[in-house]
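Written out below as structure tokens is the structure these notes cover.
Read the figures in this text as sums done on the coordinates, not as results from a lab. Keep in mind the model is a prediction, meaning the values are calculated, not measured. Positions of Cβ are backbone-derived with ideal geometry, glycine not excepted, and every protein chain shown enters the neighbour counts.
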Ligand SMILES: C[S@@+](CC[C@H](N)C(=O)[O-])C[C@H]1O[C@@H](n2cnc3c(N)ncnc32)[C@H](O)[C@@H]1O
């Protein structure tokens, strides 16, 4: 394992494990961008680098405890979810599985990333508890009200007409994305509420093969449309560790985002790939709008003045390959002297580059983009 030395705070040296492993793993993301990986998500996610995806949508097995076959009053059999992939022999077994995949998701999610998990009364309470135990920070639970739910044929319980989505950021302090104003405009200029009235997936959208549903739990595209529009940006990487029929990939492609799916059944992988191939993305110029608050304009020098970055401190790129020293006048030097932007551009061999996203400092033994410090400054000293 290689190490880098980074002088920090008055000449004190911190030894930090070079993120070599992360670099090797980085190609996994590039190689699988806009693809579906065949296999078990817990195993496959282990190959992913940490902090590498912007958003996760997970529709895990619900562990439905349906007992026996269900029949309608007219003696036709109900097409309920009774797939082998949905069965766990105990709550304990289901919890072990849930902890394992959520842990991996948390690791691969970027610091300011967020996750959505959908479930029903069978599993969502267990999933929510585990998410909180792992340090995810719950932002909302969104109720998907099914406008056309399947009736309770036995008449022994209320008609189960909703599912629950948990939206959570990676940590309490994550600066998760939320396009509040866009969603308000989407909702006729009324604040978007946490109850979403959307039909279950029927009609042309429902994928069928020889007249039979290709996947028993295909989610409506409208759900993903809201999720992706509200909590990701164009070009973001969206991970779906339980890809099924590919709803996440289809909507991500439509809206100019990247996706990576994982699915353990080869049949579903093929169904999803065939589906996504047919999606035509909306024109790029219809996506390039923003009515959200722009990034704060903070000169790098202000961060030095207020002690967010220290004179003499080394700042590094995200792989620890390039470093530069912070000078008292707001320039940085790595042999050559310039602004955070010009030095990063020179390293990359480009005309210009955004130094805010390129350079990182070390805080609590973690690399932190200097753009995070700009936000912290803006929150403290500006109206943000
Ligand atoms: C609830 S479905 C997802 C449906 C999907 N959201 C859609 O709209 O089609 C869960 C999917 O996860 C897959 N699956 C279950 N366990 C898995 C695992 N450990 N790794 C990868 N895929 C898994 C199942 O085969 C199933 O297709």
Q) When the chain is modelled as a GNM with alpha-carbon springs shorter than 10 Å, which of 265, 221, 30 fluctuates the most? A) 30
Q: Subtracting the Cα-Cα distance from 0.36 nm times the residue separation, let me have the gained length for residue 31 to residue 145 in nm, one decimal.
A: 37.3 nm
**Q.** Relative compactness, the stretch 156-250, computed as alpha-carbon Rg over 2.2 N^0.38 Å
**A.** 1.27
Q | Relative pair counts by distance (%), Cα atoms of the stretch 33-286, 10 Å bins | A | 7, 30, 39, 20, 4, 0
(Q) Cut-off is 10 Å between beta-carbons; in what order do 131, 192, 382 appear when sorted fewest neighbours first? (A) 382, 192, 131
Q: Out of all DSSP beta bridges with both ends in the chain, state the antiparallel percent to the nearest 5.
A: 65 percent
Q. Which of 168, 272, 84 moves most in a GNM of the chain, Cα contacts under 10 Å?
A. 84
Q) Could you list log10 I(q)/I(0) for the stretch 161-202 at q = 0.23 Å⁻¹, which the Debye formula gives when each Cα is one point scatterer? A) -0.98
Q) If R0 is 25 Å, what FRET efficiency do you get for residue 285 and residue 382 from their C-beta distance, rounded to 0.05? A) 0.20
Q. What is the fewest-to-most order of 340, 209, 260 by other Cβ atoms lying within 10 Å of their Cβ?
A. 209, 340, 260
Q) If you take the square roots of the eigenvalues of the alpha-carbon gyration tensor of the stretch 135-193 and sort them as a ≥ b ≥ c, do you get rounded (a/c under 1.5), prolate (a/b over b/c) or oblate? A) oblate
Q. Residues of the stretch 28-67 with amide nitrogen under 20 Å from the 7 Å Cα-to-Cβ point of residue 156?
A. 63-67
Q.
Give the separation of the Cα centroids, the stretch 149-190 to the stretch 319-384, in Å.
A. 37 Å
Q | Computed [θ] at 222 nm, deg cm²/dmol, the chain (DSSP H ≥ 4; -39,500 (n - 2.57); rounded to nearest 500) | A | -8500 deg cm²/dmol
Q. Contour minus end-to-end for residue 209 and residue 365, with contour as 0.36 nm per residue of separation and end-to-end as the Cα-Cα distance?
A. 50.9 nm
Q) Which of 286, 98, 331 moves the most in a Gaussian network model of the chain with Cα springs under 10 Å? A) 286
Q: Order by neighbour count: 85, 356, fewest other Cβ atoms within 10 Å first, most last.
A: 85, 356
**Q.** Folded to 0 to 90 degrees: helix 221-231 orientation relative to the chain principal axis, Cα
**A.** 20 degrees
Q: Give the relative contact order (percent, whole number) for the chain; include only Cα pairs under 8 Å separated by 6+ residues.
A: 17 percent
